[in-house]
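> One structure follows; several queries about it will come next.
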Amino acid sequence: MTIEEAAAKIAAQGESAPRQARDPVNQAMVNNWVEAIGDDNPVYTDPEYAASSVHKGLVAPPAMAQVWTMNGLHGTRADDDPLGAMMAVLDEAGFTSVVATNSEQTYHRYLRPGEQVSATTKLESVVGPKKTGLGEGWFVTTRTTWYVGTEAVAEMMFRVLKFRPPAPLRPQAPAPVLRPVISRDTEFFWDGLKAGELRIQRWGETLRHPPGPMPPDGALDTKPDYVVASGRGTVYSYVVHHHPPVPGKELPFVVALVELEEGVRVMAELLDAAPDEVHIGLPVVAAFVRVDDDLTLPAWKVAR
Amino acid sequence: MTVAEGTELPPLTIEATPTFVVSTALATRDFQDVHHDRDAAVERGSKDIFLNILTDTGLVQRFVTAWAGPEALIRSIKIRLGVPCYAYETLTFTGRVVSCAGRDVVVAVSAVDSLGEHVAGTVEVTLP
């Protein structure tokens with residue numbers, strides 16, 4: 001059943017059976033109400049004043065009309081309560097939050113302590129879905145009439161927005177890091193990082209980094225091996241990366257080109273130096289950032 | 001009291017402290033968690049607990065009868081809610097007579113907080 005069909009069915013049931021107020025109109029609840037609202041009108045609380053007033057006795061604040069028949073802390077809505085039925089339909093559809101948007105109350109007369117009030121409600125309209133500042137939702141309008149015996153004493157058009165709250169902002173899981181492309185020529189380098197070694201490609205006596213498929217002199221018949229660098233070096237150059245965002249990184253971060261003791265330069269993130277602390281010539285040591293079983297990234301730490 | 005179209009009501013300022021939000025919700029027998037439980041209110045998409053509509057109706061009544069006098073008869077209170085009135089907001093009510101037929105008067109009422117207009121409405125009242 002669609003929301004519109006459910007609404008039509010509920011509206012067709014007409015007025016709910018009268019719902020009795022928990023308590024008769026009474027001074028204690030009036031006193032609590034005027035105390036909280038800050039209304040010091042003596043016709044509600046001062047018997048002598050009220051007796052000599054136009055009311056000829058104490059009366060309840062008209063704006064309390066709805067209060068008398070509220071369901072209360074552990075109250076449950078009557079089975080035939082159209083607002084409750086419509087709320088259930090919209091809850092089911094994911095519109096789980098509610099705010100009141102309109103209340104139009106008409107008071108036929110003031111109520112007096114001791115009067116027993118009852119209320120009936122009917123569903124007037126259900127309009128939606130509408131996009132609102134709070135989220136997408138439906139406007140549900142009901143009409144309630146309050147009675148003392150069979151005398152209608154007050155009426156209300158009441159409208160609520162039943163909406164789907166936007167997902168709360170939660171800290172996002174760290175995005176996956178950018179993974180390097182590992183080739184047969186560079187595999188030894190990445191394997192070295194996993195083993196905690198900073199390996200530098202060597203062609204005969206010549207070190208080369210980044211590793212390549214052939215020696216700097218282009219001789220195609222030589223085969224490379226590698227040396228394990230000491231990991232000590234100094235910052236040759238660096239950048240502070242502020243933008244754009246990089247998956248898995250918090251901005252800003254420092255990327256340093258480090259000249260190793262062995263004479264080659266290797267680029268990696270400098271982990272533990274504030275951007276204004278980095279300078280050319282800063283001594284650093286190699287570090288190894290394990291991402292997972294398959295990947296460890298090279299990095300630098302300040303030699304302290 | 002001389003009343004004519006355009007007569008301004010004395011403004012009313014309400015400090016919507018958390019205590020005010022909670023005590024008025026309970027005094028109006030409204031136990032919806034968004035009026036007394038900040039965690040629940042946030043979970044439901046609000047910034048904080050906020051005033052309930054029964055309290056707005058009550059405040060509008062207070063605002064108008066404080067001007068019209070204790071024996072004024074409130075005939076109707078029709079309000080539309082705009083932005084929420086969260087805890088720690090200051091709510092300022094202003095009003096103006098928009099029509100006058102003998103002692104029967106219609107007052108337009110507005111209440112604003114830091115987010116904008118919280119309540120706009122009209123009150124029909126018979127002056128003493």
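> With θ set to phi - 60°, apply the Karplus curve 6.51 cos²θ - 1.76 cosθ + 1.60 along the range B:82-91 and write out the HN-Hα couplings as whole Hz, x wherever there is a Gly or Pro.
x, 5, x, 10, 6, 3, 6, 7, 10, 10
> Ignoring solvent entirely, what values of log10 I(q)/I(0) come out of the Debye formula for the protein assembly as shown at 0.10, 0.12, 0.13 Å⁻¹ when each Cα is a single scatterer?
So the normalised log intensities are -0.74, -0.95, -1.08.
> Hey, another quick one. Kyte-Doolittle cut-off 1.0, length cut-off 20 Å along the helix's own axis using Cα: show which whole DSSP H helices in chain A pass.
none
> How far apart, in nm, are the 7 Å Cα→Cβ label points at A:E136 and A:E4?
A separation of 1.6 nm, rounded to one decimal place.
> Counting other beta carbons within 10 Å of each residue's own, what order do A:D46, B:D113 fall into, fewest first?
Arranged by neighbour count, lowest to highest, A:D46, B:D113 become A:D46, B:D113.
> For A:E205 and A:R232, compute 0.36 nm times the residue count separating them, minus their Cα-Cα distance, and round to one decimal in nm.
Roughly 7.7 nm would be gained on extension.
> Can you give me the relative contact order of chain A as a percent, contacts being Cα pairs under 8 Å and 6 or more apart?
Here the relative contact order equals 13 percent.
> On to the next question. Can you work out the PRE-style zone for B:T19? Point 7 Å along Cα to Cβ, and I want the residues of the range B:55-95 with backbone N under 20 Å.
The answer is B:55-56, B:59, B:86-92, whose backbone nitrogens lie closer than 20 Å to the label point.
> Helix B:18-27 sits at what angle to the longest principal axis of chain B, using alpha carbons and giving 0 to 90 degrees rounded to 10?
Helix B:18-27 sits roughly 70 degrees off the main axis of chain B.
> Still on this structure, I have one more. For A:A51 paired with A:R290, estimate the spin-label separation in nm (one decimal), with each label point 7 Å from Cα along the Cα-to-Cβ line.
8.8
> Right, next: Could you tell me how many degrees, from 0 to 90 and to the nearest 10, lie between the Cα long axis of helix B:53-68 and the main elongation axis, the longest principal axis, of the Cα atoms of chain B?
30
> Please compute the net charge surrounding A:W146, taking Lys and Arg as +1 and Asp and Glu as -1 over other residues with Cβ under 13 Å from its Cβ.
Around A:W146, the surrounding residues sum to -1.
> R0 = 25 Å: FRET efficiency of A:E151 with A:E35, Cβ-based, nearest 0.05?
Using R0 = 25 Å, I get an efficiency of 0.30.
> Here's a follow-up. Of A:K131/B:K47; A:K162/A:K249; A:K9/A:K131, which sit over 31 Å apart, Cα to Cα?
Table pairs above 31 Å Cα-Cα are A:K162/A:K249.
> Shifting gears a bit: For labels at A:E250 and B:T7 in the simple 7 Å Cα→Cβ model, what's the distance in nm?
6.4
> Got a sec? How would A:L260, A:L207 order by Cβ neighbour count within 10 Å, fewest to most?
Neighbour counts put them in this order, fewest first: A:L207, A:L260.
> Could I ask something else about it? Averaged over A:38-50, how many beta carbons belonging to a partner chain fall within 10 Å of each residue's beta carbon?
3
All of the numbers you see were taken from the coordinates with simple rules; none came from a lab. As the structure is a computational prediction, the values presented were derived from the model and not from experiment. Cβ sites come from the backbone with ideal geometry, for glycine too, and all protein chains shown count toward neighbours.
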